[in-house]
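Written out below as structure tokens is the structure these notes cover.
The values are calculated or read from the model by the stated rules, or taken from the named source; none is laboratory data. In this text, all values refer to a predicted model and were calculated from it rather than measured experimentally. Every residue, glycine as well, gets a Cβ built from its backbone with ideal geometry; the counts of neighbours run over all protein chains shown.
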Amino acid sequence: MTPTHLGPAEHLFSAEEVEAAIQRMAVAINKDLEHLTPHRPVVLLCVLTGAIVVVGQLMPHLHFPMTLDCVQVSRYGSETSGGELQWRTRPKESLAGAVVLLVDDILDEGITLKSIQDYCMAEGAVAVHTAVMVRKMRPRSIDLQVDYVGLEVPDQFVFGYGLDARGLGRNAPGIFFLPEDH
Ligand SMILES: O=P(O)(O)OC[C@H]1O[C@H](OP(=O)(O)OP(=O)(O)O)[C@H](O)[C@@H]1O
Ligand code: HPA
């Protein structure tokens with residue numbers, strides 16, 4: 001157990017391990033998207049709030065022309081189980097004809113990422129590539145292919161590196177979970 005300001009927590013990944021995983025994702029993304037962009041920049045779509053940290057770490061390692069836009073959606077709030085998806089902010093620019101790189105911090109049930117991917121396609125995106133810093137190892141009823149995954153985490157409510165537990169812990173330098181938090 002590691003002491004954190006949320007209490008003693010299991011330490012899953014150090015900051016160095018998370019950063020190394022983000023760099024590996026960047027290498028794979030560069031390989032796939034670099035050749036697509038001579039005509040039009042990729043739209044990197046950050047899923048606020050949690051993805052702000054992974055996007056900040058990922059962007060300097062991406063070597064193709066891009067613009068940065070964001071959506072803000074939420075379905076957990078201060079809970080550890082998800083509810084209905086609330087849309088707070090939609091992208092500023094039109095997605096018509098765009099290649100989108102959609103980046104979130106976690107794939108849990110998959111409802112958030114799938115809903116945003118569907119939204120992008122409905123807005124006219126030509127392709128939506130998806131990337132998550134962590135994917136939770138759990139059964140999922142959603143049919144969703146995630147193109148880039150940094151790390152796999154157990155079926156626990158994790159925090160750190162942008163991920164919160166009841167609003168706190170986004171600044172934790174690594175990925176943790178509270179053993180009693182389900
Ligand atoms: O795969 P799902 O089960 O849909 O859950 C994943 C989503 O849940 C969290 O967002 P949250 O609703 O907590 O908003 P936040 O990013 O503002 O914390 C997380 O940041 C993902 O966006
Ligand atoms: O395990 C989690 N941690 C933080 N936020 C989340 N949103 C969905 N699952 C999680």
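Here is a list: 113, 101, 95. Which entry is within 16 Å of ligand 2 (Cβ to nearest atom), at pLDDT 95 or above, under 18 Å from residue 44 (Cβ atoms) and not small (Gly, Ala, Ser)?
Details: 101 fails: within 16 Å of ligand 2 (Cβ to nearest atom); 95 fails: within 16 Å of ligand 2 (Cβ to nearest atom).
Result of the check over 113, 101, 95: 113.
Any idea which of (1) within 24 Å of residue 83 (Cβ to Cβ); (2) touching a residue at least 12 places away in the same chain (Cβ under 8 Å); (3) within 14 Å of ligand 1 (Cβ to nearest atom); (4) not charged (D, E, K, R) is the one residue 139 doesn't satisfy?
(2)
State whether one or more residues within segment 118-126 are in contact with a helix residue (DSSP H, G or I) (Cβ under 6 Å, 6 or more places away or on another chain) and either buried (at least 17 other Cβ atoms within 10 Å of the Cβ) or among the hydroxyl-bearing types (Ser, Thr, Tyr) (or both). Even if it seems obvious, please write down each step before you answer.
First, pick out the residues of segment 118-126 that are in contact with a helix residue (DSSP H, G or I) (Cβ under 6 Å, 6 or more places away or on another chain): none.
Looking for residues that are in contact with a helix residue (DSSP H, G or I) (Cβ under 6 Å, 6 or more places away or on another chain) and either buried (at least 17 other Cβ atoms within 10 Å of the Cβ) or among the hydroxyl-bearing types (Ser, Thr, Tyr) (or both), one finds none in segment 118-126, hence no.
What pairs come out if I take residues in segment 146-171 that are closer than 23 Å to residue 128 by Cβ and pair them with residues that are charged (D, E, K, R) and within 12 Å of ligand 1 (Cβ to nearest atom) whose C-beta lies under 6 Å away, six or more apart or interchain?
So the pair list comes out as 149/135; 152/135; 162/105; 162/170; 163/105.
Is it the case that some residue within segment 143-161 is part of a loop (DSSP other than H, G, I, E, B), near ligand 2 (Cβ under 10 Å from one of its atoms), surrounded by fewer than 20 Cβ atoms within 10 Å (Cβ to Cβ) and modelled with pLDDT under 95?
no
Go through segment 52-80 and give me each residue that's within 26 Å of residue 17 (Cα to Cα) and either in a helix (DSSP H, G or I) or touching a residue at least 60 places away in the same chain (Cβ under 8 Å) (or both).
Across segment 52-80, the qualifying residues are 52, 53, 54, 55, 56, 57, 58, 59, 60, 61, 80.
Determine if segment 27-40 includes at least one residue that is within 23 Å of residue 151 (Cβ to Cβ), more than 13 Å from ligand 2 (Cβ to nearest atom) and surrounded by 18 or more Cβ atoms within 10 Å (Cβ to Cβ).
Going residue by residue through segment 27-40, those that are within 23 Å of residue 151 (Cβ to Cβ) are 27-33.
Adding the requirement that they be more than 13 Å from ligand 2 (Cβ to nearest atom) leaves 27-33.
Adding the requirement that they be surrounded by 18 or more Cβ atoms within 10 Å (Cβ to Cβ) leaves 29, 33.
Checked against the condition, which is being within 23 Å of residue 151 (Cβ to Cβ), more than 13 Å from ligand 2 (Cβ to nearest atom) and surrounded by 18 or more Cβ atoms within 10 Å (Cβ to Cβ), segment 27-40 yields at least one hit.
Could you check residue 105 against (1) in a loop (DSSP other than H, G, I, E, B); (2) within 11 Å of ligand 1 (Cβ to nearest atom) and say which number it fails?
With (1) in a loop (DSSP other than H, G, I, E, B); (2) within 11 Å of ligand 1 (Cβ to nearest atom) applied to residue 105, the lone miss is (1).
Check residue 39 against each of (1) within 16 Å of ligand 1 (Cβ to nearest atom); (2) in a loop (DSSP other than H, G, I, E, B); (3) not aliphatic (A, V, I, L, M) and name the one condition it does not meet.
Unmet condition: (1).
Here's a check for you: in segment 2-26, which residue that is outside any strand (DSSP E or B) and either touching a Ser or Thr at 6+ places or on another chain (Cβ under 6 Å) or free of Cβ contacts under 8 Å to residues at least 40 places away in the same chain (or both) is surrounded by the most Cβ atoms within 10 Å (Cβ to Cβ)?
First pass over segment 2-26, keeping only residues outside any strand (DSSP E or B): 5-6, 15-26.
Now drop any that are not either touching a Ser or Thr at 6+ places or on another chain (Cβ under 6 Å) or free of Cβ contacts under 8 Å to residues at least 40 places away in the same chain (or both), which leaves 16, 19-20, 23, 26.
On the way: 16: 10, 19: 16, 20: 14, 23: 13, 26: 20.
Within segment 2-26, the match that is surrounded by the most Cβ atoms within 10 Å (Cβ to Cβ) is 26.
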